[in-house]
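Let me begin by presenting the structure, written as structure tokens, before commenting on it.
The values are calculated or read from the model by the stated rules, or taken from the named source; none is laboratory data. Computed from a predicted structure; not experimentally measured. Cβ: placed from backbone, ideal geometry, glycine included. Neighbour counts: every protein chain shown.
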2 protein chains.
Amino acid sequence: MNSKAPLYQVIADTIKERIAAGIYKPGEKIPPIRCLTESFGVNKATVHKAFGCLKSEGLIENRVGSGSYVRFPEKIQTTPHLFDFRTDYLNEHFFPYRQAQSIFNELFEKEKAHALAPTPVEGDPELLRVLSGRYHLPVERMLIISGAQQGLDLVSKVFAAKISESILFENPTYPGAISLFRARHFVPLEEDGPDLTELDQRLTGPVRLFYTMPSVHNPTGISYSNAKKEALARRAREHSFYIIEDDYLGELKPPELRLVDIEPRHTIHIKSFAQTTLAGIRLGLMVVPEALYAQFLFAKFSSDITSSGLLQKFLREFLKNGLYARHIETLRRKTLNRRRRLQSLIEQFPFLSATPEQFGYSLWLKTSIALNLPHELWCRGEEFSFDPAYKPFIRLTFMHMDDATFIQALDYLHALLVRCGTPHPL
Amino acid sequence: MNSKAPLYQVIADTIKERIAAGIYKPGEKIPPIRCLTESFGVNKATVHKAFGCLKSEGLIENRVGSGSYVRFPEKIQTTPHLFDFRTDYLNEHFFPYRQAQSIFNELFEKEKAHALAPTPVEGDPELLRVLSGRYHLPVERMLIISGAQQGLDLVSKVFAAKISESILFENPTYPGAISLFRARHFVPLEEDGPDLTELDQRLTGPVRLFYTMPSVHNPTGISYSNAKKEALARRAREHSFYIIEDDYLGELKPPELRLVDIEPRHTIHIKSFAQTTLAGIRLGLMVVPEALYAQFLFAKFSSDITSSGLLQKFLREFLKNGLYARHIETLRRKTLNRRRRLQSLIEQFPFLSATPEQFGYSLWLKTSIALNLPHELWCRGEEFSFDPAYKPFIRLTFMHMDDATFIQALDYLHALLVRCGTPHPL
């Protein structure tokens with residue numbers, strides 16, 4: 001702390017440090033002004049000024065009539081570094097755009113203006129049928145959404161009342177869910193799923209939802225064992241809570257048992273196509289328990305009426321003629337290949353270690369030394385967790401660069417890491 | 001009431017009648033079970049059973065720990081009648097689909113896979129620039145949304161806390177806004193805008209938002225006078241509330257003074273393209289006050305990351321090459337022509353009257369006799385208002401049918417109305 005700084009700055013810095021250290025946690029109230037005037041021995045105006053600084057930095061927020069609170073991190077991805085190990089979208093060049101072009105063309109040829117006609121709220125009936133067949137999911141409880149994030153948003157609408165008090169998360173977890181749901185309650189994630197002892201302790205409270213990515217977890221890349229899936233499903237049944245099964249990249253693995261198969265009455269299943277196709281096509285599907293279907297349909301309607309019918313028809317044709325299946329096959333090979341190359345680079349550096357058995361577009365690493373590197377090159381562990389234990393972790397995504405850039409990026413990364421510490425002799 | 005019906009049914013019917021009569025209003029608590037056991041002289045189980053009936057009919061809902069409430073009407077448009085005077089989307093055949101096809105084709109030719117690349121959260125930069133030019137709106141406070149309904153949904157996120165207590169609506173108003181915001185407070189709409197005396201009375205309460213469609217109002221088709229716009233803007237400034245200016249069809253009129261022009265610091269401006277293009281392309285724009293921009297951007301991000309980049313690029317090209325402007329011209333002519341034909345049909349029936357100076361895709365009528373007609377043929381006044389004064393109103397939309405169907409539909413409507421009452425001699 002700078003002792004020559006004005007008093008209000010000293011107070012602001014102190015509060016900032018306490019937030020960074022997790023003493024004041026996101027969503028928690030910070031001590032009221034009158035307490036701080038006492039403990040710092042200053043007047044109200046000084047504390048007000050300190051609060052003003054913290055607010056303008058986006059660290060705290062006012063709630064009318066209730067005081068100041070530590071803000072949840074509301075990160076929107078910023079412009080990434082030249083070599084982008086942050087973005088978890090697919091590079092556009094991996095997508096068969098020529099075939100996409102043909103499909104759009106044929107749609108207008110065959111359906112004429114009808115290609116642009118409205119679809120029902122739940123989605124294009126034939127797309128629903130095709131998806132039901134491919135993913136063995138019941139068509140009568142399915143709805144089309146504009147990507148997985150919208151699926152989570154609909155959950156937040158249907159379970160609006162006090163949701164942040166009654167939803168559990170894996171630690172670490174997807175930041176988009178943390179900020180949307182204002183996550184407060186976490187269960188540690190082990191290499192095969194959640195820590196069941198900790199989960200059981202949490203279940204003594206008022207739990208209505210558990211958010212999980214059991215197949216290709218973000219950011220860790222792990223998947224649940226079947227035993228842990230069964231254990232989680234049993235608890236959902238016994239304690240009457242819903243599992244949100246976010247299947248955002250499960251397709252990159254061979255087919256697995258899903259929670260929606262084990263416990264359909266307590267599982268809200270969300271599958272994204274924004275991640276396996278391209279960001280230009282923002283679609284996903286959702287299967288919800290029968291008792292909730294009408295509420296989800298209405299939540300979708302009041303969010304954006306329905307997802308673009310044209311894009312739905314495109315996805316339908318892309319699936320029907322087998323192009324999607326072929327695309328996923330290519331993607332699996334490509335992902336595996338890049339993962340291996342990145343892994344063998346990482347293995348040269350003794351201060352980096354990766355948990356085994358990861359899938360998906362990223363590599364989750366632990367560093368045993370501080371890496372003083374460009375800030376936005378990759379995602380840091382603290383973007384996925386409030387727990388200081390995850391500070392030494394980083395997530396490197398590797399599918400957003402084209403082939404030439406990826407090769408250069410590996411060289412760049414190697415050079416950077418050499419600066420941080422000596423590599424193993426090759 | 002059926003005196004031979006079981007007791008629980010009698011109680012259910014009585015409550016139903018009270019809801020219909022507006023004694024128990026949407027969103028209001030209905031008397032607790034113990035009160036009803038007393039007033040009906042029955043036991044708890046009977047009242048429970050009556051509540052069960054009302055719940056299964058969707059008339060009431062439970063809130064945990066708080067009792068039973070009258071539900072808000074959560075209408076999702078049902079399958080319309082053969083002759084559809086309900087749907088307010090454009091018929092797909094009015095849209096130049098061949099030109100749409102060419103634009104998609106050219107996009108893939110020129111941009112290749114990049115046509116499907118991600119866009120920033122706020123939207124495609126060039127689309128933003130083009131829209132800013134066409135609509136004279138500041139690009140730095142604009143974001144692209146997936147239709148006007150999403151714009152409203154973002155408002156409900158940004159102003160989440162107790163929003164239904166602090167938002168005013170026109171009476172009547174758009175049902176999608178009523179159910180999304182759980183509307184409770186209304187200001188009567190006159191032929192040139194809101195009743196200012198009533199508005200001023202409402203402004204003594206905690207008002208943060210006023211939702212309005214000042215140009216081509218839904219369902220009445222009227223527009224505000226400039227004097228009323230100025231008066232509303234002045235109040236927003238003085239009482240520090242935000243106007244939500246839903247400009248969903250204003251383009252069908254010659255350019256007018258907008259609230260966003262008069263009072264940009266207190267106006268959230270929403271413009272839909274889903275209504276002027278087709279439902280297959282679900283896009284809109286939103287301009288928000290500078291102080292709120294970051295919050296809206298984050299609300300958009302956590303709703304669905306961003307609107308489809310491909311559709312944004314399509315709209316950009318459609319605007320850039322003048323096709324959109326030409327399409328709107330055609331639309332204006334076509335709308336005017338159909339309105340005139342419908343109006344001269346209506347004028348034959350003395351029990352029907354229309355307020356003058358309506359624009360848009362619909363005709364708002366008052367009936368002086370009960371029309372015993374197919375239920376879903378058109379929208380009834382009560383879909384737009386809780387006020388019994390609007391029960392004798394109907395809204396007929398006339399742009400969702402193709403030309404041949406529209407002609408048949410006029411004949412059908414004429415025959416139906418003749419059955420209801422004698423027409424004027426021709």
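In the stretch A:350-379, which residues are more than 20 Å from residue A:332 (Cα to Cα) and in contact with a Gly (Cβ under 7 Å, 6 or more places away or on another chain)?
Selection gives A:351, A:369.
How about the stretch B:80-98: which of its residues are in a loop (DSSP other than H, G, I, E, B), facing another protein chain (nearest Cβ under 9 Å) and either modelled with pLDDT under 80 or over 19 Å from the mean Cα position of the chain (by Cα) (or both)? Break it down into steps so the answer makes sense when it comes.
Keep residues of the stretch B:80-98 that are in a loop (DSSP other than H, G, I, E, B), which gives B:80-84, B:86-91, B:95-96.
The next check asks that each one be facing another protein chain (nearest Cβ under 9 Å); those that pass are B:87, B:89, B:91, B:95-96.
Of everything in the stretch B:80-98, those that are in a loop (DSSP other than H, G, I, E, B), facing another protein chain (nearest Cβ under 9 Å) and either modelled with pLDDT under 80 or over 19 Å from the mean Cα position of the chain (by Cα) (or both) turn out to be B:95, B:96.
Surrounded by fewer than 24 Cβ atoms within 10 Å (Cβ to Cβ) and in contact with a strand residue (DSSP E or B) (Cβ under 9 Å, 6 or more places away or on another chain), is that true of residue A:227?
Yes; evaluated as a whole, the condition is true for this residue.
Within the stretch A:22-56, track down each residue that is without any contact (Cβ under 8 Å) to a residue 40 or more places away in the chain and not in a helix (DSSP H, G or I).
Passing the criteria: A:23, A:31, A:32, A:41, A:42, A:43.
Listed residues B:154, B:168, B:107; which is touching a His at 6+ places or on another chain (Cβ under 7 Å), modelled with pLDDT of 95 or more and either in a helix (DSSP H, G or I) or not assigned by TED's automatic domain parsing to the domain that holds residue B:409 (or both)?
Working: B:154 fails: touching a His at 6+ places or on another chain (Cβ under 7 Å); B:107 fails: touching a His at 6+ places or on another chain (Cβ under 7 Å).
Testing whether each residue is touching a His at 6+ places or on another chain (Cβ under 7 Å), modelled with pLDDT of 95 or more and either in a helix (DSSP H, G or I) or not assigned by TED's automatic domain parsing to the domain that holds residue B:409 (or both) leaves just B:168.
Give the residues of the stretch B:15-49 that are farther than 29 Å from residue B:389 by Cα and buried (at least 16 other Cβ atoms within 10 Å of the Cβ), sorted by residue number.
B:33, B:36, B:37, B:40, B:42, B:46, B:47, B:49
Quick one: count up the residues across the stretch A:82-100 that are over 30 Å from residue A:413 (Cβ atoms) and crowded, with 20+ Cβ neighbours inside 10 Å.
1
Please go through the stretch B:24-56 and pick out each residue that is modelled with pLDDT under 75 and out of contact with any strand residue (DSSP E or B) (no Cβ under 8 Å at 6 or more places or on another chain). Working first, answer last.
Of the stretch B:24-56, the ones modelled with pLDDT under 75 are B:25-27.
If the condition is that a residue be modelled with pLDDT under 75 and out of contact with any strand residue (DSSP E or B) (no Cβ under 8 Å at 6 or more places or on another chain), then no residue fits.
Is one or more of the residues making up the stretch A:323-339 in contact with a helix residue (DSSP H, G or I) (Cβ under 9 Å, 6 or more places away or on another chain), of a type in the set (Lys, Arg) and more than 23 Å from residue A:87 (Cβ to Cβ)?
no
Having 3 or more residues that are at pLDDT below 95 and more than 16 Å from the chain's Cα centre (by Cα) is the bar; report the helices (runs of 4 or more DSSP H) wholly within the stretch B:198-315 that clear it. Full working, then the answer.
Numbers: elements: B:226-239, B:259-262, B:293-304.
Those helices (runs of 4 or more DSSP H) span B:293-304.
Would you pick out the residues in the stretch A:161-185 that are more than 14 Å from every other protein chain (Cβ to nearest Cβ) and farther than 20 Å from residue A:225 by Cβ? Even if it seems obvious, please write down each step before you answer.
Our first condition is that a residue be more than 14 Å from every other protein chain (Cβ to nearest Cβ); within the stretch A:161-185, this holds for A:167-173, A:184-185.
If the condition is that a residue be more than 14 Å from every other protein chain (Cβ to nearest Cβ) and farther than 20 Å from residue A:225 by Cβ, then A:167, A:184, A:185 are the ones that fit.
Quick check: anything in the stretch B:122-142 under 29 Å from residue B:312 (Cβ atoms) and facing another protein chain (nearest Cβ under 9 Å)?
No, the conditions are met nowhere in the stretch B:122-142.
Which one of the conditions (1) modelled with pLDDT under 95; (2) surrounded by fewer than 23 Cβ atoms within 10 Å (Cβ to Cβ); (3) out of contact with any Gly (no Cβ under 7 Å at 6 or more places or on another chain) does residue A:182 fail to meet, given that it meets all the rest?
(3)
Take the stretch A:334-354 and flag every residue that is under 18 Å from residue A:250 (Cβ atoms) and either surrounded by fewer than 18 Cβ atoms within 10 Å (Cβ to Cβ) or among the aromatic types (Phe, Trp, Tyr) (or both).
Matches in the stretch A:334-354: A:334, A:336.
For the stretch B:171-179, state whether one or more residues are in contact with a Ser or Thr (Cβ under 6 Å, 6 or more places away or on another chain), more than 28 Å from residue A:182 (Cβ to Cβ) and part of a strand (DSSP E or B).
Checked the stretch B:171-179: at least one residue is in contact with a Ser or Thr (Cβ under 6 Å, 6 or more places away or on another chain), more than 28 Å from residue A:182 (Cβ to Cβ) and part of a strand (DSSP E or B).
All but one of (1) modelled with pLDDT of 95 or more; (2) within 14 Å of chain A (Cβ to nearest Cβ) hold for residue B:337, so report the exception by its number.
(2)
Going by the conditions given, is residue A:386 touching a Lys or Arg at 6+ places or on another chain (Cβ under 7 Å), modelled with pLDDT under 95, of a type in the set (Phe, Trp, Tyr) and within 29 Å of residue A:180 (Cβ to Cβ)?
The answer is yes for residue A:386.
Of the numbered conditions (1) out of contact with any helix residue (DSSP H, G or I) (no Cβ under 7 Å at 6 or more places or on another chain); (2) in a helix (DSSP H, G or I), residue A:160 satisfies every one except a single condition; which is it?
Of (1) out of contact with any helix residue (DSSP H, G or I) (no Cβ under 7 Å at 6 or more places or on another chain); (2) in a helix (DSSP H, G or I), only one is false for residue A:160: (2).
In the set A:176, A:147, which member is within 20 Å of the chain's Cα centre (by Cα) and on the phi > 0 side of the Ramachandran plot? Let's see the steps before the verdict.
On the way: A:176 fails: on the phi > 0 side of the Ramachandran plot.
That would be A:147, the only listed residue that is within 20 Å of the chain's Cα centre (by Cα) and on the phi > 0 side of the Ramachandran plot.
Which one is farthest from the other protein chains (Cβ to nearest Cβ) among residues in the stretch B:102-121 that are free of Cβ contacts under 8 Å to residues at least 12 places away in the same chain and surrounded by fewer than 19 Cβ atoms within 10 Å (Cβ to Cβ)? Steps first, please.
Going residue by residue through the stretch B:102-121, those that are free of Cβ contacts under 8 Å to residues at least 12 places away in the same chain are B:102, B:105, B:108-110, B:112-114.
Cutting the leftovers down to surrounded by fewer than 19 Cβ atoms within 10 Å (Cβ to Cβ) gives us B:102, B:105, B:109-110, B:112, B:114.
Working: B:102: 9, B:105: 6, B:109: 8, B:110: 11, B:112: 6, B:114: 6 Å.
Only one residue tops the list, namely B:110.
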